[in-house]
Every structure is written in C-alpha cells, then in structure tokens.
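Okay, structure first, notes after.
All of the numbers you see were taken from the coordinates with simple rules; none came from a lab. Every value quoted in this text rests on a predicted model; they were computed, and no experiment measured them. Methodologically, a virtual Cβ is constructed for each residue, glycine included, from the backbone with ideal geometry; neighbour enumeration extends over all protein chains shown.
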Amino acid sequence: MTQRIDTEVAIIGGGIVGGSAALFLRRQGVPVVLLEAGLCGARASGVNYGGVRRQGRGLEQMPLTQRAHELWGQLPALIGIDGEYVRSGHLKLAASESDMALLEAYRERTRGFGMHLEMLDRRTLARRYGWLGEHVAGGSFCPDDGHANPRLVSPAFGRAAGALGADVREGVRVASAEHDGTRFILRTDDGLEVRSRYLLNCAGAWAGRFAEGFGESVPETSIHPLMMVTEPLPVFMSVSLGIQGGGIYARQVARGNCVIGGGRGVSSDPDFARPGRAGLGTLMANATKLLPVLRGAQVIRFWTGVEGNMPDHNPVLGPSATVPGLFHAFGLSGAGFQIGPAVGEVLSELVVRGQSSIPIDAFRIERYTAAAHGAAGRPESVREQTLESP
C-alpha cells in the first residue's frame, strides 16, 4: 500500500547539508520531509577527516566559508552538542620555497576575509612545532580554524531538525523524482510517495543522477579520500595540519589518537569504496616523514568514503535552471564538512526568501552548460587555487 505525504519542502539526502537545511527551515516553521537512503550523516558527511578550515579555499568560497565559521561557533545552540569542535588553528606547510611563495600569494589574495594568516619560516616552525619532520620550508597558520568529530556532528543536524518537527525518514531510498507542473513527486523503494512545493537535491555523490533527471546533466564524479587513525599517543600536536598542494593532513584528538588522511581508496561499485592495499603503505610512510614521532605507533583503523566531486572543485549550489522550486547543493569535492551548515542555511533562504544573503553565483549549475563556459569550463581564479583534502 502506498503511503502519501504532502509537504512544503522535500529534501533528498540527510548528510550535513540536507540535515542543516532541514534544521534551518524548521527554525522558520517550514514543513519539511527529509529522505535519507541510509542513516543521516553516515556517508561522506560522517566519514571525512573532520577538518573545519577556511585556509586553502578558493576566493569564490570565501563568503560562504566565513558564514560557516560563524555557524560553527554556535554549534551547541544549533545541534545540542559541541561535536568535539575545537579552534585549534590550521597549519598549512610548504615543502619548498616555491610552495612558500604560493602561500604568501594566497595570503595577499585573501586579505580582508578575517583569517589573519601568519607566515612562519623554518626556524619558527622548529621552535613552535619541534615534532615536525625536517622536510618543510615553512608554513601558513590560521589561528581560528580547527577540527571536529564528523561522526558526532553530521548526524546531529538531522536529529536537531527532527526535534523541531521535521519528518526525517532514514533507510528510505528515493527511486524517482519528477515534477508534474505543479508539485514535485518523489517515490521511494518502500512505497512512500512525497509531494512537495520545493525540492532540495542534497544527495551528495548521487545528486548528479537526480539533476540529470530534471534535464541538468553535470560532470559529477566520485572521490574516495583514504584515512587512518592511530592508537592513543601522548599528546604532542595541538594544530590541524595540511600540505600546500595536498598529499597528507593530520590532527590529534584529546584522547591522543592521530587522525591522518592522504591518497585515495578504491571502488568498483559507485555506491561503495574501501581502502586499497597499495595506498596504505604510502600513507603511513608519508605520515612518519611528516611526523617522525609516529614511527612505531599502531594504526587501529583505515577507512574511506564516497564523496561527490566537481571539475572546478566548487559545489553546485543554487536554483535549478530548468525547474522552478528545485534547488541543488552537491559536489562539495572533499571539503564540504566546514561549509555544510552555511550551505544548508543558504538553501533555507532560497526557499523562504527567494535569494541568498551571501553570493553564490559562482556555484550555479549553469556553469556546466556549453553556453555558460565553453570548452574550457574553468574560471581563472579556480585554476590558481590550491587544493587540499579537508
């Protein structure tokens, strides 16, 4: 027997974006049904590294990441827990003088966005962070960036939305989504039919399929960041680390475990990924080179996930170009944990007010049409940005 629900807003995907969108909509009294194929916050939003950083993002994302920074400061009021969020500082290291020059140039381009980046030479690094390996030339320090526990934070947004009256359905896979000229109609594998005035496509690495169903084909692919965690060790590292140009990133939690990422997992199924044997040795070797104190430490777990990725490493965020009332938010390209709450707030503003309080034109889905970008497909500012997994 088919169960039918009528609502104002339907959301596909219960990650940090869909969950926060539901939360912000319910705070304004808007009826919401959220449909999640698995458990809220259990996929990319819950298995990522946990970096909550602004440093390293492209100029297009600066207003979005600024607003997200403000929302992270309100985390207990938003979701009822602190999520182990700490503003530890984010240290981005340079392996060479040319990398230092890139970090200097980035600081100049992003002045005025409140990051207060501090350039550190090799001597200063040795004095402050004597546990670093010798193969670094300097770094850039952002004092108010930090990290959190995604396994706590991401599911909490969906729970908080449910506590405010959102109809949150887990284990419900959307089999089809269409628009009948008046309302959206979503049908699930278990016979549920949801009809809504608005639809938010927050399905992560699977969102491109829904966009294509509405006539908006985009080149979304999947990435599978590889991560590991060590046994508890004596606390030696207070900051979250990254490398100019990517390669490895690390943080240590209060219990002493070191969470470290770098490289990619493997996947033969679009819905799943696993750590690949070939990448494990490389990750451990890179970790001990950067952090010699880890030599001899036991790794207690490796993992990966499935994350949506766009060619320009910017999300698709904003209204559909083909169907009024449809809004997209996906393709956060391995760095969506920090901006997730702000993306959810933007979606709520688009539904309630018809516009966002921060600029999102750079993220519109039209940039992937031939007329919008031609064959090149990448704005110059994106070519210049340095990319780094969380």
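Report the relative contact order of the chain, percent, no decimals, based on alpha-carbon pairs under 8 angstrom and at least 6 residues apart. Before the final figure, lay out each step's value.
Values: 914 pairs, mean separation 95.4, N = 390.
So the answer I get is 24 percent.
What's the local net charge at residue 14, with K and R +1, D and E -1, over the other residues with C-beta under 15 Å away?
Working: positive: 26, 43, 151, 159, 169, 173; negative: 36, 167, 170.
Charge balance in the 15 Å sphere: +3.
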Quick one: what are the phi-derived ³J(HN,Hα) couplings along region 143-152, Karplus 6.51/-1.76/1.60 with θ = phi - 60°, whole Hz, x for glycine and proline?
x, 9, 6, x, 7, 8, 9, x, 5, 9
How far is it, in nm, from the label point at residue 357 to the one at residue 122 when both lie 7 Å from their Cα along the line to the Cβ?
4.7 nm
What spacing in nm lies between the two simple spin-label points modelled at residue 236 and residue 3, each 7 Å away from Cα in the Cβ direction?
5.3 nm
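Nearest 20 debye, what's the magnitude of the dipole of region 138-226 about its Cα centre given +1 on Lys and Arg Cβ and -1 on Asp and Glu Cβ?
Numbers: 9 positive and 12 negative charges, 46 e Å.
With Lys and Arg at +1 and Asp and Glu at -1, about 220 debye.
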Euclidean distance between Cα centres, region 87-119 to region 201-229, Å
30 Å
Identify, among 171, 66, 327, the residue whose Cα sits farthest towards the positive end of the charge dipole of the chain, taking +1 on the Cβ of Lys and Arg and -1 on the Cβ of Asp and Glu, with the dipole about the Cα centre.
66
Label of the coordinate-derived value, Cα extents along the principal axes in Å, listed as (i) 101, 48, 38; (ii) 65, 42, 41; (iii) 57, 49, 41:
(ii)
The distance between the Cα centres of region 41-73 and region 256-288, in whole Å, is 21 Å
Near the amide H of residue 138, under 5 Å away, which other amide H atoms are found, from residues 5 or more places off or on another chain, if H is placed in the peptide plane?
94
Integer Hz, Karplus 6.51/-1.76/1.60 couplings in order for region 125-134, x for Gly and Pro:
4, 4, 6, 7, 10, x, 7, 6, x, 7
Suppose every K and R has +1 on its Cβ and every D and E has -1 on its Cβ; what is the size of the dipole of the chain about the Cα centre, in Debye to the nearest 20?
860 debye
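Suppose every K and R has +1 on its Cβ and every D and E has -1 on its Cβ; what is the size of the dipole of region 91-177 about the Cα centre, in Debye to the nearest 20? Walk me through the numbers before you get to the answer.
Numbers: 12 positive and 11 negative charges, 49 e Å.
For this selection, approximately 240 debye.
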Give me the one-decimal nm value for the distance between modelled label points at residue 182 and residue 164, 7 Å along each residue's Cα-to-Cβ direction.
3.0 nm
Cut-off 12 Å, label 7 Å out along Cα→Cβ of residue 135, residues of region 251-295 by amide N:
282-292
Please state the shape class of region 305-374: rounded when a/c is under 1.5, otherwise prolate if a/b exceeds b/c and oblate if not, all from the C-alpha gyration tensor.
oblate
Mind running the shape call on region 82-145? Use the C-alpha gyration tensor, a ≥ b ≥ c as the square roots of the eigenvalues: rounded below 1.5 for a/c, prolate if a/b tops b/c, oblate otherwise.
oblate
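If you average the sequence gap of Cα pairs under 8 Å that are 6 or more apart and divide by the length of region 69-191, what percent do you get for the contact order?
On the way: 146 pairs, mean separation 37.3, N = 123.
Once divided by the residue count of region 69-191, the mean separation gives 30 percent.
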